[in-house]
Structure formats: structure tokens, C-alpha cells
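Working notes for the structure below.
The values are calculated or read from the model by the stated rules, or taken from the named source; none is laboratory data. Keep in mind that this is a model prediction, so the values were computed, not measured. Positions of Cβ are backbone-derived with ideal geometry, glycine not excepted, and every protein chain shown enters the neighbour counts.
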Amino acid sequence: MIEKKESLLINIDESFEAGINIAKELFLNGSIFIYPTDTIYGFGGNPLNESTIKKISEIKGKQNWRRYIFLISDIEVLKNYADVDSEKYLDFLLSIWPNPVSVILKLNKKYQEIFQSETGAFRIPNHRFCHKLISELKMPLISTSVNRTGNEPLNDPSVIIQEFLSEVEAFFYTDKKSFFEASTLIDLTEDKPKLVREGRIKFVELMKKLN
């Protein structure tokens, strides 16, 4: 039996560049890690790696779960995965990102088959570590809350270490305080935007930008 090597614990305030390089390597190797975002801590990995998706589903206790938010670096990356035909919606996304606002869009035919879903949720995060990582990867990064199904998301690094460190390859953490509130989630798959989940940035304020 092969023993699992000890998980890495990396303070990104002290080891920013090293943390980015390690996270890139883990992503490309199909490994799972925990990292801070502009909202809450998330499980991360490569959404195009089937075993990565399976591992995250198992850790969360959601079999075959695929409804993850994908963090992306810019609109051009988004266009590779989703069909954004509306100029109005494109202008809207350019006006709100980077920010803790996630949007559900129709995936293009290629990625509907790969992700086994008609839609996907995307966000350009307003977080230095996340943005640097996805800018260098030039690929979407899975983001899903650090918790078991039915439990509240964990945001205290000491609790996350105790609960999940042995199940991931690395935990990238920060001493800086965050808002620790999930992103506002908006469905843009129809002609009229629909609020799915309210976060720190309120839906009514976002609609002012659209109109």
C-alpha cells in the first residue's frame, strides 16, 4: 500500500509566487487543493479532468455532482466555453467583473458534452491569488465551498485544516480577513436575468448596470 504524502500547507501572504507555482502544478496533475477566493474558501481543481471532479464530489459527499462555479481570468476565456450572443450581456459582464458575482450561461456544444450539462456558472474573481493563478493557467478553475453536503461552508483555516487537510494535496490560506459570503449568482440563460442567490453585491444594484 502506497502511503499518501503529507498535504502542503502554504501561507500565500508569505509565499505568494511559490504558492502560484505549486497550485499550477497541482491543477495540471489533476490534484485537489483548497484556496481563498474573493468570497469563501473553495475546493479547486481542473474541471476538464474527470478524476478531479469525481474526487471533489466524493469529498463533499455529492455523488456525480457537477454544478461548480468556474473561475476565469477574462471574457476571452469565457467565450471558449460559453455562448454569449447578447452584446447587452457582454457589456454587462465587462461592467461588473472582477467581482464576487457569478453568472450562469449556456455552454457551447463542445463543453455541454464534456461537462455533461447545458449550462455553467462563471466568475472573474476579485482576488489577487485567484486571478494570478487562472491568468497563468488560461483555463477555468473549479470553485466550490469547503464543506460536506448539508453543512455550512468552512472559512476558519484552523477548522479547515482539522476537517479536510488529509483529503487534499494542499491548502493555500491567508491571514487577511475576507467577507466570507458566497457570490451573488445570476442566471443569464434567458432574455431576462434571474436572481438565483443573493450575495454581498445586491441584485438590484447589478440590474442598474444592465439597464
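Quick notes on this structure:
- Scan segment 195-211 for residues that are outside any loop (DSSP other than H, G, I, E, B), surrounded by 14 or more Cβ atoms within 10 Å (Cβ to Cβ) and acidic (Asp, Glu) and the total you get is 0.
- Every residue from segment 96-135 that is over 13 Å from the mean Cα position of the chain (by Cα), small (Gly, Ala, Ser) and either on the phi > 0 side of the Ramachandran plot or at pLDDT 95 or above (or both): Ser135
- Residues within segment 36-74 that are loosely packed, with under 15 Cβ neighbours inside 10 Å and either of a type in the set (Val, Ile, Thr) or free of Cβ contacts under 8 Å to residues at least 40 places away in the same chain (or both), tallied: 6
- All positions within segment 175-196 that are within 17 Å of the chain's Cα centre (by Cα), on the phi < 0 side of the Ramachandran plot and either among the aliphatic types (A, V, I, L, M) or at pLDDT below 95 (or both): Ser178, Phe179, Glu181, Ala182, Ser183, Leu185, Ile186, Val196
- Criterion (of a type outside the set (A, V, I, L, M, F, W, C) and touching a Ser or Thr at 6+ places or on another chain (Cβ under 8 Å)) met by exactly one of Pro98, Pro36: Pro36
- Applying the criterion of being of a type in the set (Gly, Ala, Ser) and modelled with pLDDT of 95 or more to the residues of segment 50-94, the residue that is farthest from the chain's Cα centre (by Cα) is Ala82.
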